[in-house]
Amino acid sequence: MAKIKGTVVVDTERCKGCDLCVQSCPQSVLELNAKVNSKGYHYSTMVKEDDCIGCTACAMVCPDAVISVYRVKTND
Amino acid sequence: MTKQDILKPENLVYQKTKLLTKNVMHYCPGCSHGVIHKLIAEVIDEMGIQNETIGVAPVGCAVFAYNYIDIDWQQAAHGRAPAVATAIKRLLPEKYVFTYQGDGDLAAIGTAETIHACNRGDNIAIFFINNGIYGMTGGQMAPTTLEGMKTVTTPSGRNHEMNGYPLKISDMLALIDGTCYVTRQSVDKLPAVMKAKKAIRKAFENCQLKKGTSVVEFVSTCNTGWGMSPHKANLWMQENMTARYPLGDIKNI
């Protein structure tokens, strides 16, 4: 059966760690990193990479447009 | 399948639109302004009207909007954005002209300009960001502040006997003959963001249809002014703000 796999790329330097993407993710893929960027914000990061379905919910609610989303259909 | 296999240009489904500049927005983390800026930029990009669009920026947090969306901008005096937009639209009628205003700008000092621009039915789009508070100046009461809501100038909560009632300005504007489209949207969740984007597109399209003024109100959050985390502010907005300011189209002709 075809499965949808996705992944996101976060521009960590622009991320302000507002947590909205983390809360909006239906698969709980994202979390705020314990590390901080050069401005001191805990940036968003993927913790469950295999669960991402590339639905773009995180990217659409991101106020700073730091998230790019990739999605692909696989047959395995 | 590894992350590297998915990270190919042909699999890209969403990224920052080119119309947003590289400048980092000065807004607080989680501010609704960022999402609305992004949606406006995306709509302008999708419609291919970057060179035909002129924005009028307000006074308030969004005063620096010209730093973030790569189109022509004019900054107006406090509350006067609809008057300035009227002039621009009449001098350059083929352009898409919009104003971007907060509640302190549109619903307080700019009430007269807003009402008369709508009454003239000028073919402009008005984007109204309603977060129920004066964000930039430190969280004072705005005309749209909810009853019982605590602000720095109403420390025990807004009381209608003392401060009047929360002003439903979009409902007022819908009564005016000059408006063709008045809607209220939010940008807290994915479905809401998609609907808000459609409303923005419709408002821009109306600019060239000569039907009148389009008003899109965004029920937004000011998590810093409200003293909450961005997520909690969204939940509070869903529970309280939308009760007073219900989402959906108010007028669509």
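The values are calculated or read from the model by the stated rules, or taken from the named source; none is laboratory data. This structure is a prediction, so every number in the text was calculated from the model and none was measured. No Cβ is skipped: glycine too gets one built from the backbone with ideal geometry, and neighbour counts run over all protein chains shown. Side chains included, ligands, DNA and RNA excluded: accessible areas come from the protein's heavy atoms. Shrake-Rupley method; radii C 1.70, N 1.55, O 1.52, S 1.80 Å.
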Margin query: I'm trying to understand the selection: among the residues of the stretch B:20-50, which are facing another protein chain (nearest Cβ under 7 Å), β-branched (Val, Ile, Thr) and crowded, with 23+ Cβ neighbours inside 10 Å?
Written below: B:35
Notebook entry, point to check: Which of the residues belonging to the stretch A:20-40 are over 19 Å from residue B:193 (Cα atoms) and in contact (Cβ under 8 Å) with a residue 40 or more places away in the chain?
Noted result: none
Margin query: What are the pairs with Cβ atoms under 8 angstrom where one residue, in the stretch B:1-19, is at the interface with another protein chain (Cβ under 7 Å from one of its Cβ atoms) and within 28 Å of residue B:34 (Cα to Cα) and the other, located anywhere, is among the basic types (Lys, Arg) and assigned to a helix (DSSP H, G or I)? Sequence gap at least six, or different chains.
Written below: B:16/B:38
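Considering only the stretch B:163-173, state which residues are assigned to a helix (DSSP H, G or I) and open to solvent by less than 20 Å² (accessible area, probe 1.4 Å).
Looking only at the stretch B:163-173, we keep the residues that are assigned to a helix (DSSP H, G or I), and these are B:163, B:169-173.
Passing the criteria: B:169, B:170, B:173.
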Margin query: Being outside any strand (DSSP E or B) and either under 12 Å from residue B:96 (Cα atoms) or open to solvent by 70 Å² or more (accessible area, probe 1.4 Å) (or both) is the filter here; which residues of the stretch B:51-78 pass it?
Written below: B:51, B:52, B:64, B:66, B:70, B:71
Notebook entry, point to check: If we only count strands (runs of 3 or more DSSP E) wholly inside chain A, which ones have 1 or more residues that are basic (Lys, Arg) and open to solvent by 40 Å² or more (accessible area, probe 1.4 Å)?
Noted result: A:3-10, A:30-36, A:67-74
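Return the only residue of B:159, B:240, B:206 being closer than 22 Å to residue B:40 by Cα, more than 13 Å from chain A (Cβ to nearest Cβ) and of a type outside the set (A, V, I, L, M, F, W, C). Break it down into steps so the answer makes sense when it comes.
Numbers: B:159 fails: closer than 22 Å to residue B:40 by Cα; B:240 fails: closer than 22 Å to residue B:40 by Cα.
The match here is B:206.
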Check: Quick one: what pairs do we get from the stretch B:35-52, first residue over 13 Å from residue B:196 (Cα atoms), second among the aromatic types (Phe, Trp, Tyr) and outside any loop (DSSP other than H, G, I, E, B), C-beta under 9 Å, 6+ apart or different chains?
Finding: B:44/B:96; B:44/B:204; B:47/B:96; B:47/B:204; B:49/B:96; B:49/B:204; B:52/B:96
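Among residues belonging to the stretch B:79-97 that are assigned to a helix (DSSP H, G or I) and out of contact with any strand residue (DSSP E or B) (no Cβ under 7 Å at 6 or more places or on another chain), point out the one that is surrounded by the fewest Cβ atoms within 10 Å (Cβ to Cβ). Please lay out each step first, then the result.
Residues of the stretch B:79-97 that are assigned to a helix (DSSP H, G or I), as a first pass: B:81-91.
Restricting the remaining residues to those that are out of contact with any strand residue (DSSP E or B) (no Cβ under 7 Å at 6 or more places or on another chain) gives B:83, B:86-87, B:90-91.
On the way: B:83: 20, B:86: 22, B:87: 14, B:90: 13, B:91: 9.
Ranking the candidates gives B:91 first.
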Next item on the list: Determine which single condition residue B:140 fails, assuming it passes every other condition in (1) over 27 Å from residue B:200 (Cβ atoms); (2) in contact with a Leu (Cβ under 6 Å, 6 or more places away or on another chain); (3) not hydroxyl-bearing (Ser, Thr, Tyr).
Entry: (2)
Next item on the list: Would you mind stating whether residue B:108 is part of a helix (DSSP H, G or I), open to solvent by 10 Å² or more (accessible area, probe 1.4 Å) and modelled with pLDDT under 95?
Entry: yes
Check: Can you name the number of the only condition in (1) over 16 Å from the mean Cα position of the chain (by Cα); (2) of a type outside the set (Phe, Trp, Tyr); (3) at pLDDT 95 or above that residue B:201 fails?
Finding: (1)
